[in-house]
Every structure is written in structure tokens, then in C-alpha cells.
Amino acid sequence: MIEPVFYYDFSSPFAYVAAHRVDDVLPVKPRWQPIALAFLLIAHQREPWSFDVEGRGPTMRDCERRAAALGLPLEWPQGWPKESYSLLPLRAAVLAERAGLLREFSRAALRRHFSDPAGVRELDGVLAAAREAGLDADVVREHVADDDVKQAVKDATNAAIEVGVFGVPTVQVGDELFWGDDRLEEAAAALEMATR
């Protein structure tokens with residue numbers, strides 16, 4: 001049985017949308033894998049659509065429609081996108097995974113990032129998301145800067161780059177990569193074919 005992998009970062013509004021439907025769309029629940037989009041962009045020497053201030057309006061509206069269809073609030077964080085990148089929620093996600101609460105924390109952090117002006121750039125926002133997910137905020141505060149936690153984020157990001165992940169959200173099905181919330185159904189079909 002192929003285990004699909006769902007790659008995402010907390011700064012991506014499309015990852016926010018995908019995180020609230022990927023488990024329902026795919027016939028097999030994926031392994032969730034947060035990665036650092038900023039380093040992915042550096043590795044591929046590209047800028048995301050969101051950096052194009054003049055031309056990003058239609059894509060933002062598409063994302064707003066997708067969020068609204070799922071009943072998700074969507075407010076653009078202060079300084080988004082450039083000032084909204086943060087490694088803190090990625091590191092907290094490592095701790096959430098160790099506690100068996102990765103999905104819960106990830107959805108809470110994404111929701112907070114796109115419905116609260118402060119988002120999860122700073123530790124207070126990350127801790128609020130942790131509490132919402134049932135994750136011990138004191139553990140997060142104490143260990144979010146541990147070397148092994150930082151290394152786990154680096155390792156996951158480097159592994160994603162090595163398999164060719166180009167952006168987030170991406171679903172990996174075997175050797176195939178499906179980039180974008182709008183390609184979840186294609187990933188589901190590929191997974192159906194692979195498991196026949």
C-alpha cells in the first residue's frame with residue numbers, strides 16, 4: 001500500500017485550504033509533512049505567486065472562494081507573504097507530531113495564521129494554536145528551539161527538495177507529485193490506480 005505524503009507550510013493560504021480537505025479527498029489518509037517553503041523557494045530559485053503584488057489579486061480571490069466553500073475564515077496576515085514566514089510553527093509541529101497531535105496543531109496554526117492579524121509568526125500565536133490543539137504549550141515553549149527540533153525541520157525540507165517538491169501544498173503518490181489544492185482530486189485518482 002502506497003502511503004501518500006502531504007507537504008505544507010504554515011505561510012501558504014492554499015495549504016490552509018488543503019489541510020482542511022486532504023484527509024477526506026484522498027482514499028488513504030496521507031502522512032502529513034510540514035516543510036519550510038522559504039528554503040524550498042531558495043532551492044528552486046523562484047519567487048511565489050504571492051510576491052507579485054500587482055498580479056496576485058485573482059489568485060488571492062480564488063483562495064478566498066475555496067476557503068469560503070469550506071466555511072473557513074480567511075484574513076490575510078499582516079505583512080503577508082514576506083513578513084509572515086516563520087520557522088516557529090514548523091518547529092512546534094515537530095513537537096506536535098511527537099505528541100500525536102500533528103493534524104490538530106497544524107489545522108489550528110493554519111486557521112490562526114489566516115484569521116488572526118498576528119498569525120503564528122511569533123511564539124504567542126504558536127502557543128495559542130498549541131493550546132487549541134490540546135498540545136502542552138509549556139512543552140512547546142521549552143523545546144521549540146531545541147537543536148534536534150530545528151534539525152528535524154531541516155531534514156524534512158531537504159528530503160522534500162530531493163524528491164522534487166516545488167511548492168506547497170503538494171501531495172506525493174509514489175513518484176508522482178501533485179502541487180496545489182486544486183490537484184488533490186488528481187492525487188486521489190492516482191492513488192486509487194496505484195492501489196488496485
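The values are calculated or read from the model by the stated rules, or taken from the named source; none is laboratory data. Nothing here was measured: the structure is a model prediction, and the numbers come from that model. We place every Cβ from the backbone using ideal geometry, glycine too, and count neighbours over all the protein chains shown.
Table for the structure above
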| item | result |
| --- | --- |
| Residue match in the stretch 107-119 (condition: touching a Ser or Thr at 6+ places or on another chain (Cβ under 8 Å), within 21 Å of Tyr7 (Cα to Cα) and of a type in the set (A, V, I, L, M)) | no |
| Selection status of Ala109, surrounded by 15 or more Cβ atoms within 10 Å (Cβ to Cβ) and in contact with a Phe, Trp or Tyr (Cβ under 6 Å, 6 or more places away or on another chain) | yes |
| Selected residue [touching a Cys at 6+ places or on another chain (Cβ under 8 Å) and surrounded by 15 or more Cβ atoms within 10 Å (Cβ to Cβ)] from Pro13, Pro34 | Pro13 |
| Selection within the stretch 127-142 - buried (at least 16 other Cβ atoms within 10 Å of the Cβ), touching a residue at least 40 places away in the same chain (Cβ under 8 Å) and assigned to a helix (DSSP H, G or I) | Ala129, Val140 |
| Count - residues of the stretch 20-58 that are at pLDDT 95 or above and among the polar types (S, T, N, Q) | 1 |
| Residues located in the stretch 144-182, provided they are under 26 Å from Met193 (Cβ atoms), among the hydrophobic types (A, V, I, L, M, F, W, C) and part of a loop (DSSP other than H, G, I, E, B) | Val165, Phe166, Val168 |
| Wholly within the stretch 1-54, helices (runs of 4 or more DSSP H) carrying at least 1 residues that are in contact (Cβ under 8 Å) with a residue 60 or more places away in the chain, within 20 Å of Asp182 (Cβ to Cβ) and charged (D, E, K, R) | 22-25 |
| Any hit, the stretch 58-72, residues being among the β-branched types (Val, Ile, Thr) and within 27 Å of Asp146 (Cα to Cα) | no |
| Sole residue being of a type outside the set (Ser, Thr, Tyr), within 17 Å of Gln33 (Cα to Cα) and either touching a strand residue (DSSP E or B) at 6+ places or on another chain (Cβ under 7 Å) or in a loop (DSSP other than H, G, I, E, B) (or both), chosen from Arg107, Arg121, Arg103 | Arg103 |
| Residue that is nearest to Leu37 (Cα to Cα), among those in the stretch 73-100 that are among the acidic types (Asp, Glu) and more than 16 Å from the chain's Cα centre (by Cα) | Glu83 |
| The stretch 160-181, residues that are surrounded by fewer than 19 Cβ atoms within 10 Å (Cβ to Cβ) and in contact (Cβ under 8 Å) with a residue 40 or more places away in the chain | Ile161, Phe166, Gly174, Gly180 |
